[in-house]
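Visitor: Next up is a structure, given as structure tokens.
Computed from the coordinates by the stated procedures, all read-outs in this text should not be read as laboratory data. In this text the structure is predicted, and so the values were computed from the model without any measurement.
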Amino acid sequence: MVIPDYDKALYYTLWGQWDDLLVLMVRTKDDILSKKIERFLNDYHFSMDHQQVLHSHDTLLYYLEHAMKLTTPLNPEKIEM
């Protein structure tokens with residue numbers, strides 16, 4: 001089954017799977033998604049400002065929501081197994 005990068009990113013972000021999120025950041029073809037993930041992970045690990053971490057987390061989630069609205073839903077007949 002093919003799961004779009006946005007769904008994976010949302011799942012990894014909500015469940016705190018930072019290693020998987022890092023791998024997705026490297027593999028995704030969406031440059032904006034990659035930058036949003038990079039910014040969040042950098043802030044999460046290195047920022048002393050809690051507000052900055054929350055802001056980059058929220059920015060990532062807002063981008064994911066926006067991108068998921070613009071992508072077409074998967075056709076169940078064309079899902080690869």
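Visitor: Would you mind calculating the relative contact order of region 5-73 from Cα pairs under 8 angstrom and at least 6 residues apart, reporting the percent as a whole number? Walk me through the numbers on the way to the answer.
Guide: On the way: 46 pairs, mean separation 21.5, N = 69.
Computed value for region 5-73: 31 percent relative contact order.
Visitor: Explain nothing, just compute: Karplus ³J(HN,Hα) = 6.51 cos²θ - 1.76 cosθ + 1.60, θ = phi - 60°, for every residue of region 19-28 in order, whole Hz, x for Gly and Pro.
Guide: Residue by residue, region 19-28 yields 5, 5, 5, 5, 4, 4, 4, 6, 8, 5 Hz.
Visitor: Just to check I understand the Karplus step: with θ = phi - 60° and J = 6.51 cos²θ - 1.76 cosθ + 1.60, what whole-Hz values come out for region 5-18, glycine and proline as x?
Guide: 3J(HN,Hα) across region 5-18, in whole Hz: 4, 5, 5, 4, 4, 4, 4, 5, 5, 5, 9, x, 8, 5.
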